[in-house]
Amino acid sequence: MSRPIQATINFSSLRKNLQLVRELTGKKVIGVIKADAYGHGAIPVARVLEEQKVDCLAVACIEEAINLREGGIQSPILLLEGFFSEEELPQIEQYQLSTVIRQTEQIDILSRWKGKPFDVWLKIDTGMHRIGFLPHEFSEAYRRLKECPSVRNVVLMTHFSSADEPEKPKTLQQINLFNSLTEGYAEETCMCNSAGIMQWPAAHGDWVRPGVMLYGSSPFIEPHPLDNRLEPVMELTSQIFSIHNLPAGAPIGYGETFITDRPMRIGVVATGYADGYPRHAPSGTPVLVNGQRTRLVGRISMDMLSIDLSHLPNAGIGDTVTLWGKGLPATEVAHHAGTISYELLCNLKRARIKYIDTAE
Ligand SMILES: *Cc1c(COP(=O)(O)O)cnc(C)c1O
């Protein structure tokens with residue numbers, strides 16, 4: 001048996017999470033599958049979403065889009081970051097893509113391009129202050145886009161900076177600003193990421209753009225009423241491959257950051273930061289052994305981590321350790337490590353990936 005770390009991806013859970021998006025919104029859905037579908041595998045995930053008839057798929061850049069087309073994906077594909085240079089326009093035409101338009105330079109380029117018409121998504125910056133046209137630039141950008149020979153439909157979009165923090169007034173301000181700017185335009189609208197979908201029904205518009213919730217992970221740090229409707233699509237597991245009984249006073253791992261305060265039984269697991277497990281996860285971060293909770297002790301190494309088995313006398317070599325998945329949300333592990341589940345999921349590497357479908 002080779003190194004036992006494995007990410008199991010369950011398509012049945014993916015379909016259920018998509019179903020939840022549809023139930024909550026009833027709107028057209030853009031399945032966000034950038035960054036290799038948040039570490040789940042862009043093509044396999046795209047195939048499932050396509051079979052479920054999502055209205056569009058979204059990726060960050062043209063390389064990700066071409067990869068999907070070459071993998072046989074035929075759904076509409078949106079480039080969320082838009083094109084970076086004029087050379088991408090023939091590819092946008094060839095691969096039949098749509099693109100976000102976020103700044104004047106792109107409209108200058110588009111106004112010279114005479115390829116087949118395609119859809120564009122006009123990004124309005126309502127307060128995220130990352131990309132998009134500022135409110136006072138919007139109507140001029142819109143007017144110029146409509147004059148471009150290759151522009152077919154325009155969808156009006158914006159992005160929230162704080163939709164995952166429901167107590168902040170920011171999202172409502174962004175919604176109100178977007179609505180006042182786009183009032184009187186016949187174009188379709190699109191505002192919501194996962195947090196918007198779950199928390200801000202007034203912003204559902206015509207299209208929604210779920211990412212992390214499709215993978216069954218909550219975008220919220222605090223518990224959310226919909227948490228139990230999300231099913232983690234990825235389960236990251238490995239095995240205990242070595243066990244030691246250590247006396248009190250024994251330091252564990254690099255830097256001796258954890259020292260046993262009594263005799264302890266310590267298991268070593270074949271998982272490290274080179275697999276994408278967060279190196280900053282401190283002692284105390286939860287893991288499951290045969291479904292029972294225990295904790296990390298000491299620093300994460302490149303290929304290994306240590307866990308406390310003192311209260312699990314039956315745990316042995318070869319037993320399954322769940323790093324995240326059912327019973328241990330990636331969000332919870334991420335919180336211990338000072339990051340978000342998105343980063344854990346899309347950092348996954350080296351692990352064997354196994355696709356299953358419990359509905360079959
Ligand atoms: C990544 C991304 C999304 C999806 O965000 P989630 O929080 O994962 O739902 C939506 N819209 C844009 C513009 C994005 O870049």
Residue that is surrounded by the fewest Cβ atoms within 10 Å (Cβ to Cβ), among those in segment 277-300 that are polar (S, T, N, Q) and in contact with a Pro (Cβ under 9 Å, 6 or more places away or on another chain):
Thr294
Taking segment 76-106 as the search range and keeping residues that are assigned to a loop (DSSP other than H, G, I, E, B) and buried (at least 19 other Cβ atoms within 10 Å of the Cβ), which one is nearest to the ligand (Cβ to nearest atom)?
Leu80
Would you point out which residue out of Trp207, Trp113 is within 13 Å of the ligand (Cβ to nearest atom) and of a type in the set (Phe, Trp, Tyr)?
Trp207
Taking the stated definitions as given, is Thr322 in contact with a strand residue (DSSP E or B) (Cβ under 8 Å, 6 or more places away or on another chain) and either closer than 18 Å to Gly39 by Cβ or within 16 Å of the ligand (Cβ to nearest atom) (or both)?
yes
I'd like to check something: does segment 126-148 contain any residue that is assigned to a loop (DSSP other than H, G, I, E, B), over 29 Å from the mean Cα position of the chain (by Cα) and either more than 16 Å from the ligand (Cβ to nearest atom) or surrounded by fewer than 15 Cβ atoms within 10 Å (Cβ to Cβ) (or both)?
yes
Scan (1) surrounded by fewer than 22 Cβ atoms within 10 Å (Cβ to Cβ); (2) within 29 Å of the chain's Cα centre (by Cα); (3) touching a residue at least 24 places away in the same chain (Cβ under 8 Å) for the single condition Trp113 breaks and write down its number.
(2)
Pick from segment 179-202, criterion surrounded by fewer than 24 Cβ atoms within 10 Å (Cβ to Cβ) and in a helix (DSSP H, G or I), ranking: nearest to the ligand (Cβ to nearest atom):
Ala195
Taking segment 37-67 as the region of interest, how many residues are surrounded by fewer than 21 Cβ atoms within 10 Å (Cβ to Cβ) and away from the ligand (no atom under 13 Å from the Cβ)?
12
Checked Glu256, Glu222 against criteria (loosely packed, with under 15 Cβ neighbours inside 10 Å, within 16 Å of the ligand (Cβ to nearest atom) and within 29 Å of Glu332 (Cα to Cα)); the one match is Glu222
Among the residues of segment 10-36, count how many are away from the ligand (no atom under 13 Å from the Cβ) and part of a strand (DSSP E or B).
2
Strands (runs of 3 or more DSSP E) contained in segment 273-319 and holding at least 3 residues among the aromatic types (Phe, Trp, Tyr) and within 26 Å of Ala248 (Cβ to Cβ)
none
Go through segment 332-352 and report how many residues are outside any loop (DSSP other than H, G, I, E, B) and farther than 13 Å from Tyr38 by Cβ.
5
Scan segment 212-244 residue by residue and report those that are in a strand (DSSP E or B), in contact (Cβ under 8 Å) with a residue 40 or more places away in the chain and not aliphatic (A, V, I, L, M).
Glu235, Thr237, Ser238, Gln239, Phe241, Ser242
Considering only residues of segment 107-125 that are assigned to a loop (DSSP other than H, G, I, E, B) and out of contact with any helix residue (DSSP H, G or I) (no Cβ under 8 Å at 6 or more places or on another chain), which is nearest to Gln174 (Cα to Cα)?
Pro117
Single match in Leu236, Leu246, Leu214, Leu230 (criterion: more than 14 Å from the ligand (Cβ to nearest atom), under 17 Å from the mean Cα position of the chain (by Cα) and either modelled with pLDDT of 95 or more or within 25 Å of His311 (Cα to Cα) (or both))
Leu236
Residues in segment 38-56 that are in a helix (DSSP H, G or I) and over 17 Å from Leu97 (Cβ atoms): how many?
7
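The values are calculated or read from the model by the stated rules, or taken from the named source; none is laboratory data. The shown structure was predicted, so the numbers you read here are calculated from the model rather than taken from an experiment. Backbone-built Cβ (ideal geometry, glycine too); neighbour counts: all protein chains shown.
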